[in-house]
Amino acid sequence: QQPVQSPQAVILREGEDAVINCSSSKALYSVHWYRQKHGEAPVFLMILLKGGEQKGHEKISASFNEKKQQSSLYLTASQLSYSGTYFCGTGTEGNTGKLIFGQGTTLQVKP
Amino acid sequence: EAGVAQSPRYKIIEKRQSVAFWCNPISGHATLYWYQQILGQGPKLLIQFQNNGVVDDSQLPKDRFSAERLKGVDSTLKIQPAKLEDSAVYLCASSLVGGTYFGPGTRLTVL
């Protein structure tokens, strides 16, 4: 079952914040977040393995709510380099490496 | 550390022809994946290897697609014969613990 991402698209000004959500109708065992720029491969951002886990890297962080079967990606004080399409990939029971990706959220940061 | 290597980067073929893609994962990564990404969508897993064994190939169209990882290192994905709907980017990825890393992909166009 493909996870659902929201919103589908976001347009921001530099310095603004954004939240991207990833929801599943099935239990989540792991959530992987990626950013993909046009014509390039997805770049790994972070993985969350436990319910309630939160991680961060510079101004990008994520949370994982196991009960709500949802993960959120937080982009703080966005930079032009944050532009791209963000994908969440959810791992399956017994095989957290087998990822099912959402449809993606396109983020555009303008000067 | 070198990333996931793939070749060729681009391939254009006629329908019903055959094509092969090559992937060399990050050194030491036991798990290797082939994903198909159609324009505007998230990647879809085709096959997952653990060393030289297949872990999951449930979404691989086995009547036309085949993949091997004979020595547990590099891998080849083949399509024979190709259809128009096979036009996509074929991404190879590898993982050890804590994250899956993608190669640059091969963009296949079937005419």
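The values are calculated or read from the model by the stated rules, or taken from the named source; none is laboratory data. What you see is a predicted model; the values in this text were computed from it and never measured. Cβ atoms come from the backbone with ideal geometry, glycine included; neighbour counts cover every protein chain shown.
Among residues belonging to region B:1-15 that are closer than 14 Å to residue B:103 by Cβ and over 16 Å from the mean Cα position of the chain (by Cα), point out the one that is surrounded by the most Cβ atoms within 10 Å (Cβ to Cβ). Taking the candidates together, the pick is B:2. Taken over region B:31-58, the criterion of being surrounded by 14 or more Cβ atoms within 10 Å (Cβ to Cβ), more than 10 Å from chain A (Cβ to nearest Cβ) and not in a strand (DSSP E or B) is satisfied by B:52, B:57. Output the residues belonging to region B:93-102 that are at the interface with another protein chain (Cβ under 9 Å from one of its Cβ atoms) and touching a Cys at 6+ places or on another chain (Cβ under 9 Å). Within region B:93-102, B:93, B:102 meet the criteria. Name the single residue, out of those in region A:70-111 being crowded, with 20+ Cβ neighbours inside 10 Å and free of Cβ contacts under 8 Å to residues at least 40 places away in the same chain, that is farthest from residue A:24 (Cα to Cα). So the residue we want is A:97.
Meeting the requirement of 1 or more residues that are exposed (fewer than 12 other Cβ atoms within 10 Å of the Cβ) and modelled with pLDDT under 95, the strands (runs of 3 or more DSSP E) wholly within region A:5-69 are A:54-57.
Scanning region B:63-111 for residues that are in a loop (DSSP other than H, G, I, E, B) and among the basic types (Lys, Arg), we see that the one that is surrounded by the fewest Cβ atoms within 10 Å (Cβ to Cβ) is B:71.
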